[in-house]
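**Q** Provided herewith is a single structure, encoded as C-alpha coordinates, for subsequent inquiry.
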Amino acid sequence: MAGIAISVVREFGVLIAGIVVAARSGGITDVIEDGYNGLMFDVGDVAALTESIKRLFADRPLRARLGENGYARAMERFSTP
(Lines give C-alpha, C1' and ligand atoms only; values in the text may rest on other atoms or scores of the structure.)
Protein backbone atom coordinates (compact mmCIF):
# COMPACT_ATOMS: atom_id res chain seq x y z
CA MET A 1 0.00 0.00 0.00
CA ALA A 2 2.81 2.43 0.78
CA GLY A 3 3.95 2.32 -2.85
CA ILE A 4 0.46 3.15 -4.07
CA ALA A 5 0.10 6.01 -1.61
CA ILE A 6 3.45 7.50 -2.53
CA SER A 7 2.66 7.22 -6.25
CA VAL A 8 -0.70 8.92 -5.76
CA VAL A 9 0.84 11.67 -3.64
CA ARG A 10 3.61 12.33 -6.15
CA GLU A 11 1.03 12.75 -8.85
CA PHE A 12 -1.71 14.71 -7.10
CA GLY A 13 -0.77 16.26 -3.78
CA VAL A 14 1.35 16.17 -0.65
CA LEU A 15 1.69 13.72 2.21
CA ILE A 16 1.99 15.12 5.71
CA ALA A 17 2.48 12.66 8.56
CA GLY A 18 0.73 9.97 6.52
CA ILE A 19 -2.18 12.23 5.58
CA VAL A 20 -2.92 13.17 1.99
CA VAL A 21 -3.66 16.75 0.94
CA ALA A 22 -4.63 16.60 -2.73
CA ALA A 23 -6.27 18.46 -5.60
CA ARG A 24 -9.75 17.35 -6.66
CA SER A 25 -8.64 15.81 -9.91
CA GLY A 26 -8.78 12.43 -11.56
CA GLY A 27 -8.70 9.18 -9.66
CA ILE A 28 -7.60 10.69 -6.34
CA THR A 29 -11.23 11.66 -5.74
CA ASP A 30 -12.07 7.94 -5.69
CA VAL A 31 -9.60 7.38 -2.85
CA ILE A 32 -9.66 10.52 -0.71
CA GLU A 33 -12.83 11.78 0.94
CA ASP A 34 -12.37 15.40 2.02
CA GLY A 35 -12.36 15.71 5.79
CA TYR A 36 -12.60 11.94 6.33
CA ASN A 37 -9.28 10.45 5.22
CA GLY A 38 -7.53 13.49 3.77
CA LEU A 39 -8.02 17.07 2.72
CA MET A 40 -8.88 18.20 -0.80
CA PHE A 41 -8.59 21.51 -2.60
CA ASP A 42 -9.60 22.73 -6.05
CA VAL A 43 -6.98 22.44 -8.79
CA GLY A 44 -4.85 25.57 -8.92
CA ASP A 45 -6.10 26.95 -5.60
CA VAL A 46 -2.78 27.57 -3.90
CA ALA A 47 -4.42 29.46 -1.03
CA ALA A 48 -6.64 26.46 -0.22
CA LEU A 49 -3.64 24.11 -0.34
CA THR A 50 -1.76 26.42 2.01
CA GLU A 51 -4.70 26.60 4.41
CA SER A 52 -5.09 22.81 4.39
CA ILE A 53 -1.44 22.36 5.32
CA LYS A 54 -1.64 25.00 8.06
CA ARG A 55 -4.81 23.35 9.38
CA LEU A 56 -3.05 19.99 9.66
CA PHE A 57 -0.08 21.44 11.50
CA ALA A 58 -2.33 23.31 13.94
CA ASP A 59 -4.88 20.56 14.69
CA ARG A 60 -3.48 17.39 16.26
CA PRO A 61 -6.90 15.69 16.70
CA LEU A 62 -7.66 16.30 13.01
CA ARG A 63 -4.33 14.73 12.03
CA ALA A 64 -5.05 11.73 14.22
CA ARG A 65 -8.57 11.26 12.85
CA LEU A 66 -7.56 11.64 9.20
CA GLY A 67 -4.62 9.30 9.69
CA GLU A 68 -6.74 6.62 11.37
CA ASN A 69 -9.46 6.89 8.75
CA GLY A 70 -6.92 6.85 5.94
CA TYR A 71 -5.31 3.69 7.27
CA ALA A 72 -8.70 2.01 7.71
CA ARG A 73 -9.78 2.98 4.18
CA ALA A 74 -6.50 1.70 2.73
CA MET A 75 -6.86 -1.64 4.51
CA GLU A 76 -10.49 -1.90 3.43
CA ARG A 77 -9.88 -1.12 -0.23
CA PHE A 78 -6.32 -2.13 -1.04
CA SER A 79 -5.20 -4.96 1.25
CA THR A 80 -5.28 -8.61 0.29
CA PRO A 81 -6.42 -11.46 2.56
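**Q** Using a 1.4 angstrom probe on the protein heavy atoms only, could you order F78, F57 from most to least accessible area?
**A** From most exposed to least exposed: F57, F78.
**Q** A further question follows. So what are the ³J(HN,Hα) numbers for the stretch 34-40, from phi and the Karplus equation (6.51, -1.76, 1.60; θ = phi - 60°), rounded to whole Hz, Gly and Pro as x?
**A** Karplus values, whole Hz, x for Gly and Pro: 3, x, 9, 10, x, 10, 10.
**Q** Give me, ordered by chain and number, the residues 5 or more places off R24 or on other chains with an amide H under 5 Å from its own placed amide H.
**A** Hits under the 5 Å cutoff: F41, D42, V43.
**Q** Can you compute the modelled spin-label distance between D42 and N69, with each label point 7 Å from Cα toward Cβ, in nm?
**A** Those two pseudo-labels are separated by 2.2 nm.
The values are calculated or read from the model by the stated rules, or taken from the named source; none is laboratory data. Just so you know, these numbers come straight off a predicted model, no measurement behind them. Positions of Cβ are generated from backbone atoms using ideal geometry, with glycine treated the same way; all protein chains shown enter the neighbour counts. Calculation scope for accessible area: heavy atoms of the full protein, side chains included, ligands and nucleic acids excluded. Shrake-Rupley method; radii C 1.70, N 1.55, O 1.52, S 1.80 Å.
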